[in-house]
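Step one of this worksheet: look at the structure below.
Throughout, read-outs are computed from the coordinates displayed, never taken from laboratory work. What you see is a predicted model, and the numbers here were worked out from it, not measured in a lab. Glycine gets a Cβ as well: all are built from the backbone with ideal geometry, and neighbour counts include every protein chain shown.
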Amino acid sequence: MTADYFTGETAHALLRGEARLLKWTQDGTLIESSQVEEAWGVKRKTVDAARERGELFSLFIRGRHWYPAEALKFERRALAAVNRALLAEDPSSKLLFILRKHGALGGKTAADAIADGHLDDVLRLAADWARA
């Protein structure tokens, strides 16, 4: 459904959300699959397969898959584990999880906490996030 289907505040909120997503495609928060391909040294079908297996997530904006640039900070296995822990969540919630600095992680993002050796803490937090 598009914002045209809704009226009033709901339509306005949807338009604001779409505007934010478009802004993120322009400011580098969300990146094209070609950038994931280049960073991982793989072909597009490998990125698509990782997405389909639930190892990576994308936001589908105006007919294209866009990936969080923050995801490139993760080692691929760690990203897959976190994404699977968040599997029931929608892509927007997953994006918020990986972008946010979490008090439970000492004020760090998930990628920074994992880089410091706290993958298990991130996975527990992700599972809690998905249950909330």
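A simple packing score, the average count of other Cβ atoms within 10 Å per residue, orders the peptides 81-87, 49-55 as 81-87, 49-55, with the highest score first.
Max-minus-min Cα coordinates of the chain on each principal axis give 47, 36, 25 Å, with the largest extent listed first. Projected label points at residue 29 and residue 53, each 7 Å from Cα along the beta carbon direction, are separated by 2.9 nanometres.
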